[in-house]
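Working notes, structure below.
Derivation of every value follows stated rules applied to the coordinates shown; laboratory data play no part. Predicted model only: the values in this text are computed from it and were never measured. Quick reminder, even Gly has a Cβ in these numbers, built from the backbone with ideal geometry, and neighbours come from all protein chains shown.
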Amino acid sequence: MTPERWQQISRIFKSAILLENEARAAYVSSQCGTDESLRVEVEKLIDSHGKASADNFMDGMAAEAAAPFLTNDPDGPRQEVLNKGQQFGSYVILNSIGSGGMGEVYLARDTRLDRTVALKVLSPDISQDKRRMQRFRQEAKVASSLNQPNILTVYEFGEVDGLTFLATEFIDGETLRDYLHGKRLALAEILDISIQVLAALDAAHEARIVHRDIKPENVMLRRRDRVVKVLDFGLAKVTENSKHSGDEAATEFRTAPGVIMGTINYMSPEQAQARDVDERTDIWSTGVLIYEMLTGKMPFSGTTTSHTIVQILEKDPVSPAKLALVPVELERIVLKAIAKRPAERYLTAKEMLNELRSLQKRLEMNAELERTSLFVNADEHGLAAKKKRVLIVALIGMALVTAAIFAVNIWRSSRRTISPPVTTTPAVVPAERMLTYWITVQKFKDRKPYQDPFTLAGEINFEADYHIRVNVRSPQAGYLYILNEGPSAGATEYNVVFPTPTANNGLSLLLASEIIQIPKESWLRFDTQRGVEKLWLVFSENSLSELESIKQFAGTKTGGLIADPALNQSIKAFLDTHSTSKPEVEKGESLTTLKSSGDVLVYAIKLEHH
């Protein structure tokens, strides 16, 4: 069977299955005429389609998928519609890129704007197929309506010399399927790809558009910057209340009852049963995509299409953590995304996107902390090695001095002169305090959290709607005190920020490598006065009697305000005395590390009000 013969069979079959039995038979008879072999091939496909629909498992686009197996030479050269160097409207064909289910794809030069584009061109026989033409037109309309960096940009949709084409941005990259071939991705890269896919879906869902075919083949990675592009909105469904609902070309084309749209392994249960779907079917497919990137395996995969659908409908997937090293929180996100019941999944792509972004930030922060720990340990190891070298040199020096003294004493003894022995004391290395901190900022609007929290290494220009948390950690155990000093021009007053009854059980003792989040559940809010707010960090090897007494003022009722003027003066004197020696400050992208000689570290974080 030649490709041309298959296209003829496919066109008749797809039109026939949209008709009822009697009309279908009449249509097939009129199209096939006296070509008995053509009629037999079409009826075979119709019969297979009817059995599959009864069992509710056959993909409605099975005819397209079967094409390579029904031609004599599936891997042979295909008939290209356009040739290299050919002028096609305002485009010059540079090369053939490949062939897709909807037509040929070419690399071309737009002579009007002098840019490289990808041209997706339908062959003439496909252009006569109303069903496929509506899908092609839908892809153009839907994709061009979505302006988002992770969605393929559509430049033009039109017709030249009887050929329908779609001009899009050219992505110099590879599909996620090709990128995954034979490799396991790092966790950070998996999160980055997943977040970009969900960002694209969030934009589509906001326009009430459901993609319905999220899979590695429809996700491309641009080589130069690893930007993700979501492709192929040919199966997209525009749901109710969409701004496109009045546009016939952009709405879902009709399918026969029981026809399944999409790719089996990535289908949600409702999609596999040809039921109505909404945005949550894309969330399912994205969950399957992430599962595959994490484990290298599909969560639902049978020996046949029907076995796969049984798994999708009835079987629970193997836990990702049993197949790969997966963080507990990421496993929870993935399993929630592929919950059987849509109501148990994320309601929106944005909800899942926000959880992945939060997880990404936490993992990056933990990695930064690990790097800090390695730096600290290496620094301490270097200091220990240095001390060891100093000690060895001192011992050698003492040995030489002792030998010299012994020789002099012998010489003096011979002259009956006695001198007292000379001793030396090795230098003492001063103590050092080290503390790492970072600030989590949450924007509020109308007293509600607004946008995602973000992390800063140190001082900020503080807006009125900013609420913050202070996070601290040290490789050393010690006693921590945090006080807030407002921008008031009057008598200095302090508020207790730490220790408090709700943070660290009211204890000032910080254990080595322990992370303290202040406050643990809520946020720190500041007054509306303009000026510079200060958060004083005091970290001591031993408890400080001057500051232990501040615990009595800690509490939410008074905001931790220290009401004793004498104690405020005492605290001010303490801070003035100990802040004259500035600690060494090392700022990273999201963390700040303080180092101070001695057994007490004092540092003021400055927050400027606007």
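Collect residues whose amide H, placed 1.01 Å from N in the peptide plane, falls under 5 Å from the amide H of PHE170; neighbours closer than 5 in sequence don't count.
Sorted by chain and number, the residues that satisfy this are ALA118.
Rank by packing, highest mean first: peptides 399-405, 174-180, with packing defined as the count of other Cβ atoms within 10 Å averaged across residues. Walk me through the numbers on the way to the answer.
On the way: 399-405: 12.0, 174-180: 16.9.
Those peptides, ordered most packed to least, come out 174-180, 399-405.
Within 10 Å of each residue's Cβ, count the other Cβ atoms and sort ASP110, ASP576 from fewest upward.
Numbers: ASP110 17, ASP576 10.
Going from sparsest to densest Cβ surroundings: ASP576, ASP110.
In nm, to one decimal, how far is the THR580 label point from the ASN147 one, both placed 7 Å along Cα→Cβ?
6.1
Let a ≥ b ≥ c be the square roots of the eigenvalues of the Cα gyration tensor of the stretch 432-609; is it rounded (a/c under 1.5), or, if not, prolate (a/b larger than b/c) or oblate? Please report the intermediate quantities before stating the final value.
Working: a/c = 1.42, a/b = 1.16, b/c = 1.23.
Rounded shape, in that the Cα axes give a/c under 1.5.
Given axes a ≥ b ≥ c from the Cα gyration tensor, I'd like to know whether the stretch 550-610 is rounded (a/c under 1.5), prolate (a/b larger than b/c) or oblate. It would help to have the intermediate numbers written out before the result.
Values: a/c = 2.31, a/b = 1.46, b/c = 1.58.
In terms of gyration-tensor shape, oblate.
Could you calculate the FRET efficiency of ASP178 with GLN442 from 1/(1 + (r/R0)^6), where r is the beta carbon distance between them and R0 is 41 Å, rounded to 0.05?
Values: r = 40 Å, r/R0 = 0.98.
Taking R0 as 41 Å, the efficiency between ASP178 and GLN442 is 0.55.
So how much slack lies between VAL393 and ASN83, counting 0.36 nm per residue of separation and subtracting their Cα-Cα distance, in nm?
Details: separation 310, 0.36 × 310 = 111.60 nm, distance 8.06 nm.
Value of the extension gain: 103.5 nm.
Hey, rough spin-label estimate for VAL401 and ARG226, points 7 angstrom out along Cα→Cβ, what's it come to in nanometres?
5.7
Considering only Cα-Cα distances, which of the following residue pairs are longer than 27 Å: LYS340/LYS443; LYS336/LYS445; LYS350/LYS443; LYS215/LYS443; LYS551/LYS572? Mind showing how you got there, number by number?
Numbers: LYS340/LYS443 35 Å; LYS336/LYS445 29 Å; LYS350/LYS443 18 Å; LYS215/LYS443 35 Å; LYS551/LYS572 16 Å.
From LYS340/LYS443; LYS336/LYS445; LYS350/LYS443; LYS215/LYS443; LYS551/LYS572, over 27 Å: LYS340/LYS443; LYS336/LYS445; LYS215/LYS443.
How large is the convex hull of the C-alpha atoms of the stretch 272-366 per residue, in Å³? Write down the numbers at each step before the final one.
On the way: hull volume 8.7 nm³, N = 95.
Each residue corresponds to 92 Å³ of Cα convex hull volume.
Within a 10 angstrom radius of the beta carbon, how do LYS183, LYS130 rank from fewest other beta carbons to most?
On the way: LYS183 7, LYS130 12.
In increasing order of surrounding Cβ atoms, one gets LYS183, LYS130.
Can you pull the one-decimal nm distance between simple spin-label points at GLU344 and ARG109, each 7 Å off the Cα toward Cβ?
Modelled inter-label distance: 5.7 nm.
Checking the a/c ratio against 1.5 first, then a/b against b/c, what shape does the Cα gyration tensor give for the stretch 508-599?
On the way: a/c = 1.37, a/b = 1.17, b/c = 1.18.
Verdict is rounded for the stretch 508-599.
For a quick protection proxy, order the peptides 38-47, 444-453 by their average other-Cβ count within 10 Å, most packed first.
Working: 38-47: 16.5, 444-453: 10.7.
Ranked from most to least packed, the peptides come out as 38-47, 444-453.
Given a Förster distance of 41 Å, report the FRET efficiency between LYS336 and GLU608 from their Cβ-Cβ distance, rounded to the nearest 0.05.
Numbers: r = 41 Å, r/R0 = 1.00.
That pair, LYS336 with GLU608, gives E of 0.50.
Sort TRP284, TRP523, TRP536 so that the residue with the fewest other Cβ atoms within 10 Å of its own Cβ comes first and the one with the most comes last. Before the final figure, lay out the partial values.
Details: TRP284 26, TRP523 15, TRP536 21.
If I rank by nearby Cβ atoms, fewest first, I get TRP523, TRP536, TRP284.
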